[in-house]
Amino acid sequence: MEHGHTDDFTIEPYRPAYREQILEIFYATGLLGKSLEPAFSSPRFLELLFLRYYTQYEPQSLWVAVSEGSTVVGYLLGCQNTKRQRRVFLTHILPRLLPGFFIHNVPWRKRNWAFIGRWLWGMLRGEFRTAYADELYQKYPAHLHVSVRRPWRRAGVGQAMLQHFFDQLTDARITGVHLQAYGPPQPDSTGALRFFASMGFREWARRPVQLFHAFRAGPLHRVTMVRHLELFKG
Ligand SMILES: CC(C)(COP(=O)(O)OP(=O)(O)OC[C@H]1O[C@@H](n2cnc3c(N)ncnc32)[C@H](O)[C@@H]1OP(=O)(O)O)[C@@H](O)C(=O)NCCC(=O)NCCS
């Protein structure tokens, strides 16, 4: 399927009816644009860990691209205040993770333990620590995650969703937004990094990560990117 026209989809605010489709896209694209299934067996647990904040605690900053009335073809998980998100995560989501771990059958699959092991090892090595975090959250308090279904990529969906979020942030007088993306050590050589550069983001920091080594050949960096918003609206 090839889509080249921005009028094939519309950008809409989140509704709970879209939750399952968002989870489906997240699970199908969450591992560097590919399926998370070979790495982790439980989409429900990942929903609790990664999506719940955006759907439950800040749904007004979640945008979806919808085609043919109700098919979600992409989503943007937005957050206007990253420090708030971290507080909500610690007080409301973290306590649900242990019960969720068993309810969603995480312990009974070997691949889950392999992934958790790599993740914990990465944490110990500081791979996911964000450089100059205090300054980052002060200058660029908002953040986002974005994903588009594979057949819909390069059709302007990501760009349209980011534009919506930028406008929303500008209206709220929030002047900076950041994100985390993954790519090879050479600057500018993957789709996601090029996409964000084309949307006005620049690199803030990068560090090597090993989390995805089992699924992807070659070294990989976790890249923090930032964007000022005054530049966007004249
Ligand atoms: C990255 C992603 C969100 C981009 O969304 P998209 O809808 O395909 O991007 P758009 O069509 O809006 O692209 C806008 C511009 O960005 C640049 N761009 C987007 N994808 C690109 C790619 N793969 N390679 C090079 N440039 C790219 C181009 O300049 C493009 O304009 P053009 O098509 O007129 O040349 C999408 O590819 C995706 O979901 N990838 C998997 C998930 C992911 O990596 N998310 C980011 C981590 S938070």
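Residues of the range 82-123 with backbone nitrogen within less than 17 Å of a virtual label 7 Å along the Cα-to-Cβ line of Glu37, please, listed as ranges.
109-112
Straight-line reach from Lys139: which aspartates and glutamates have a Cα under 19 Å away, not including same-chain ones fewer than 8 places off?
Candidates past the 8-residue exclusion: Asp167, Asp171, Glu203, Glu230.
Check the straight Cα-Cα distances from Lys110 and name the aspartates and glutamates below 15 Å, setting aside those fewer than 8 residues away within the same chain.
Glu37
Have a look at Gly158, Gly74, Gly122 and tell me which one the Gaussian network model of the chain (Cα, springs below 10 Å) gives the largest fluctuation.
Answer for the Gaussian network model of the chain: Gly122.
Listing Phe195, Phe102 from the residue with the fewest other Cβ atoms within 10 Å to the one with the most, what is the order?
Phe102, Phe195
So if I take the centroid of the Cα atoms in the range 97-126 and the same for the range 1-80, what is the distance between those two points in Å?
The distance from the Cα centre of the range 97-126 to that of the range 1-80 comes to 22 Å.
Counting only helical runs of four or more DSSP H residues, what would the 222 nm mean residue ellipticity of the chain come to if each run contributes -39,500 (n - 2.57) and the total is spread over all its residues?
Using -39500 (n - 2.57) per qualifying helix, the result is -9500 deg cm²/dmol.
Any chance you could list P(r) for the chain, counting all Cα-Cα pairs in 10 angstrom bins from zero, rounded to whole %?
P(r) for the chain, in whole percents per bin: 7, 30, 40, 20, 2, 0.
Of all DSSP beta bridges located in the chain, what percent are antiparallel, nearest 5?
Taking every DSSP beta bridge with both residues in the chain, the antiparallel ones total about 95 percent.
The range 123-195: percent of C-alpha pairs farther apart than 17 Å?
Of all Cα-Cα pairs in the range 123-195, 58 percent lie more than 17 Å apart.
Quick query: amide H of Leu220 versus all other amide H atoms, modeled in the peptide plane; which residues come in under 5 Å with a sequence gap of 5 or more or a different chain?
It is Val209, by chain and number.
Each reported figure results from applying straightforward, stated rules to the coordinates on display, with no laboratory input. The structure displayed is predicted, hence computed values, not measured ones. No Cβ is skipped: glycine too gets one built from the backbone with ideal geometry, and neighbour counts run over all protein chains shown.
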